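What follows is a set of notes on a single structure, which appears directly below.
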Amino acid sequence: MPKVLISDSMSDLAKKTLENINIDVDVKTDLSEEELIKIINDYDALIVRSATKVTKKIINSGKNLKVIGRAGAGVDNIDLISAKENNVLVMNTPGANANATAEHTLALILSLIRNIPIANTSTHNGKWEKKNFKGIELSKKTIGIIGFGNVSINLCKLLNGFDMNIIAFSNSLNNRKKEFPNIKSVSLEELISNSDIITMHCKATKDGKPLINIDHFRKMKKTAYIINAARGNIINENDLNTALNENLITGAAIDVFSKEPAESNVLFNNPKVVLTPHIAASTKEAQVNVATMISEQIGNYLLNKQQVNIVK
Ligand code: MLT
């Protein structure tokens, strides 16, 4: 009987789904790299979210390991090169948490442009600072979306009700233009200089270098807001902090950080930034979706050699 290790906390449905098809499952979370190295040999599959860093040493030690499943989209916590070298497949669950991430992005945008976090604190403190919290509206504004995968598609559906001009920078959009007639495909430069709100929904760059740095901030509208619920290293955080402090842009909302868990960060305590701790995909619904989807995929692979959502 194949054995699966779940090494991050996730919905119980992941375990139940696999046990229903007679696969043995252990759930052991918060393990160190050394602890994982010691036990990984006992398993045919490993299922993670983002907390477990699936390193070269762990993969090399998993002599029986056939597949790693990521309950989520991003696989930057898995060493894909080592997985390939060891003939270990990597699967993820594209789309399963996309609506949650799109809704959180919209929540961040609205919180930011209507000053909700800071107005909330002020009102709780008995101040009545009505004059300090004048916001702006989304209607007639231009939103620039960087990357056009499942999250962007869901976000555009949500934005339909807001009467916005949507522009996007993405290679994949160019091949799918007919499906999205109302979204204008533009260059990164055009997007940077024309957007009132810029939101990131792309993967981290392969070389790890930030896509957005001080040169880009200098070309943005001074009234622009930037949102990042994709990956922390897409934006240079020091440059973002400078851009906010020098009034090159007006505000930012950030759900992801270059180093997570983010216990310290240059953006902490900057009043122009709304921060959340990588929770864009943390809804009950999305966590059920990712857990069910990855366990079904892993089960089908272990029992029937069916390959779905393979990441290369
Ligand atoms: C993802 O990559 O799916 C999201 O960032 C959420 C997560 O890390 O689980």
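Could you tell me what % of all Cα pairs in segment 146-213 have separations over 19 Å?
Above the 19 Å cut-off, segment 146-213 has 31 percent of its Cα pairs.
If I take all pairs of Cα atoms in the chain, what percentage of them are more than 30 Å from each other?
Numbers: 18917 of 48516 pairs.
Of all Cα-Cα pairs in the chain, 39 percent lie more than 30 Å apart.
So, in Å, what gap is there between the alpha-carbon centers of segment 257-285 and segment 79-140?
Each part reduced to its Cα centre gives a spacing of 9 Å.
Strictly greater than 19 Å: what percent of every Cα pair in segment 1-141 meets that?
Of the Cα pairs, 61 percent sit more than 19 Å apart.
Using the Karplus curve 6.51 cos²θ - 1.76 cosθ + 1.60 with θ = phi - 60°, work out ³J(HN,Hα) for each residue of segment 38-49 in order, rounded to whole Hz, and write x for Gly and Pro.
5, 10, 4, 4, 7, 10, 8, 8, 10, 10, 10, 9
Per residue, how much accessible area does segment 98-275 have with a 1.4 Å probe, in Å²?
Numbers: 9390 Å² over 178 residues.
About 53 Å² of surface per residue is accessible.
State, as an integer percentage, the relative contact order of segment 98-275 based on alpha-carbon contacts under 8 Å between residues 6 or more apart.
19
Might you report the magnitude of the Cβ-based charge dipole of segment 98-275 about its Cα centre, with Lys and Arg at +1 and Asp and Glu at -1, to the nearest 20 debye?
Charge dipole, segment 98-275, about its Cα centre: 400 debye, nearest 20.
If the limit is 24 Å between Cα atoms, which of Lys15/Lys259; Lys177/Lys209; Lys141/Lys222; Lys134/Lys222; Lys28/Lys66 go over it?
Violating the 24 Å Cα-Cα cut-off are Lys15/Lys259; Lys177/Lys209.
For Asn270, which sequence-distant residues (separation of 5 or more, or a different chain) have an amide H within less than 5 Å of its own amide H, given hydrogens modelled in the peptide plane?
Hits under the 5 Å cutoff: none.
For the chain, give the percent of accessible area contributed by carbon and sulfur heavy atoms, probe 1.4 Å, rounded to a whole number.
49
Go ahead and estimate [θ] at 222 nm for the chain from helices alone: -39,500 (n - 2.57) per DSSP H run with n ≥ 4, summed, over the residue count, rounded to 500. Show your work: numbers first, answer last.
Working: 12 runs with 110 residues, N = 312.
Value at 222 nm, helices only: -10000 deg cm²/dmol.
Just to confirm the filter: which trypsin sites (Lys or Arg not before Pro) across segment 192-234 are DSSP coil and have at most 12 other Cβ within 10 angstrom of their Cβ?
Lys206, Lys222
Hey, can you grab everything whose amide H is under 5 Å from the amide H of Lys66? Only 5+ residues off in sequence or another chain; H modelled, so Pro and N-termini drop out.
Ala45
For segment 98-275, state the average projected area of the convex hull of the C-alpha atoms over all orientations, rounded to one decimal in nm².
10.6
Setting aside same-chain residues fewer than 8 positions from Lys130, which aspartates and glutamates have a Cα under 13 Å from its Cα?
Once the sequence-local aspartates and glutamates are set aside, nothing remains near Lys130.
Placing +1 on the Cβ of each Lys and Arg and -1 on the Cβ of each Asp and Glu in segment 1-104, which of Val25, Ile40, Leu89 has its Cα farthest towards the positive end of the resulting dipole?
Selected residue: Leu89.
The values are calculated or read from the model by the stated rules, or taken from the named source; none is laboratory data. Just so you know, these numbers come straight off a predicted model, no measurement behind them. Positions of Cβ are backbone-derived with ideal geometry, glycine not excepted, and every protein chain shown enters the neighbour counts. Please note that ligands, DNA and RNA were not included when accessible areas were found on the heavy atoms of the full protein model with its side chains. Shrake-Rupley method; radii C 1.70, N 1.55, O 1.52, S 1.80 Å.
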